[in-house]
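The structure under discussion is supplied below as structure tokens; questions concerning it will follow.
The values are calculated or read from the model by the stated rules, or taken from the named source; none is laboratory data. Quantities reported herein were computed from a predicted structural model and do not represent experimental measurements. Counting neighbours? That spans all protein chains shown, and the Cβs are built from the backbone with ideal geometry, glycine included. Note: areas computed on protein heavy atoms with side chains; ligands, DNA, RNA excluded. Shrake-Rupley method; radii C 1.70, N 1.55, O 1.52, S 1.80 Å.
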Amino acid sequence: MEAADRRALNAAMARLAEGDRSAFSPVFEILWPLLHSFARGLVRDAAEAEDAAQHALLKVFEHAPRFDPERDAAAWAVAIAANECRAAQRRLRRRRERTVPLPGEADPAALDPHPDPESEAIERDLLAAAAEALGALRPEDAETLKAAWRGDRSALAPATFRKRVQRATERLRAAWRSRHGTP
Amino acid sequence: MARPDTAVLPLPLLRRRARRTYEGARLRCALVDAWPVPLAALLALRLGGSGTHVLALTAPLLGASVLLLWVGRDYGRGVWPGLAAGMAPLVLPGLMLDCSGGCSPGAQLWCQSSCVVGGVLAGVVVGWRAARLTTGSVRFGLVAAAVALSTGAIGCLLGGVLGVAGMVVGFGLGAVPAIVFASSRTPAAPAP
């Protein structure tokens, strides 16, 4: 953030804390892009990042009447955004753990509590076929795909991980085609 | 995907919601910050004020204080100094006397005199604070004066109409010299 913008934000936030409503727009226009880009950098999911940034912005305005003019407004707002982003990341992790089944595992969300025998048989066959195709891959390809399904990138750089997932997916498609002939 | 209880808002809606959030927060802060007003009412009742009179004066004072604190700036800044200054005329009439239900005829003179003294003290405080400001001193002074006199009137009603009038006169007698004296010195920091 430019020093001039930071000074302008500090001055506007101090005025807003005192009740000067004309400071609302300058604060909004400086803070929103800052918090939005900060959240996008921390949270991979675009919708969650936007949601976190919006909640952070609303919290800033909720606490604005008690803002201490001795503080740095940008640092204060970013700290609020960081908390929102951490909460967003926790939600994403919990969602992935709840909803992503691995091949060989039953998908709880998809299970019909009262399946008919034919649906059960089809599901069993599909899962077996998927497990077989996955089993035909090299171990590192299988692990890469499992990590991708779990949302766990581990220590790899994003670009490297994306490339590995892409190659593993192509090999999985090839394995599936060779066994089942589906285009 | 966003949280189930929220939706990602388009920018114009986000701006409107942020504004509503800010104004709502200011109002909540104003309600909290007006706590001295009910305290002043309890004090006045304890010192012998009539419940009806105290309520009749406290309710509009509370509403005005909340409004001024919500508006903020020079208007909001005058509320607390005004409440503090108004405590002198509020407590003095009832402090030394047992005036439950109002002052007896024999004690009326004391009540009225102490209202004048309380008004002088309140005027000195408000005049001094207002004169020391570099900006917004008139608005601040007017708000603080109105709040101080309204607060003081809760207690000075023990002395009747003359008690309240004496407080107002005393306020002027205290404020004018304080303003003149404070203005002749170098002003301190801007707003309180």
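Between B:V169 and A:E70, what is the label-point separation in nm under the 7 Å Cα-to-beta-carbon projection?
4.6
Could you give the angle, 0 to 90 degrees to the nearest 10, between helix B:51-71's Cα long axis and the longest principal axis of the Cα atoms of chain B?
So the inclination is approximately 40 degrees.
Grab the alpha carbons of the range A:116-180, take their convex hull, and tell me the volume per residue in Å³.
83
Buried by at least 40 Å² relative to the chain on its own: which residues of the range B:6-44 qualify, computing accessible area with a 1.4 Å probe on protein heavy atoms?
Checking the loss per residue gives B:V8, B:L11, B:L14, B:R15, B:A18, B:R19, B:T21, B:Y22, B:R26, B:C29.
Can you give the mean number of other chain Cβ atoms that lie within 10 Å of the Cβ atoms in peptide B:73-83?
Mean shielding count: 1.
For the range B:103-174, restrict the atom set to alpha-carbon positions and state the Rg and Dmax in Å.
Values for the range B:103-174 (Cα only, Rg and Dmax): 13.0, 46 Å.
How much of the accessible area of chain B, in percent, comes from carbon and sulfur atoms when a 1.4 Å probe is used?
Taking all protein chains in place, chain B shows 73 percent carbon and sulfur surface.
Count, for each residue of A:16-25, the Cβ atoms from other chains sitting within 10 Å of its Cβ, then give me the mean as a whole number.
Shielding by partners across A:16-25 averages 4.
Looking at the square roots a ≥ b ≥ c of the eigenvalues of the Cα gyration tensor of chain B, which shape do they give, rounded for a/c under 1.5, prolate if a/b is larger than b/c, or oblate?
It comes out oblate by the Cα gyration axes.
Using a 1.4 Å probe on protein heavy atoms only, how many Å² of accessible area do A and B hide from each other, summed over both chains and rounded to 100?
Looking at A and B, the buried total is near 2500 Å².
Sticking to Cα atoms, compute the Rg of the protein assembly as shown to one decimal and its Dmax as the biggest Cα-Cα distance, whole number, in Å.
Cα-based Rg and Dmax for the protein assembly as shown come out at 34.0, 113 Å.
Just for the Cα atoms in the range A:3-97, what are the lengths along the principal axes, largest first, rounded to whole Å?
46, 23, 20
Still on this model: Can you give the direction-averaged projected area of the convex hull of the alpha-carbon atoms in the range B:26-99, in nm²?
Quarter of the Cα hull surface area: 4.6 nm².
Let me ask you something else. Please list, in chain and number order, the residues 5+ apart from A:G19 or on another chain whose amide H is under 5 Å from its amide H, with Hs placed from the backbone.
B:R73
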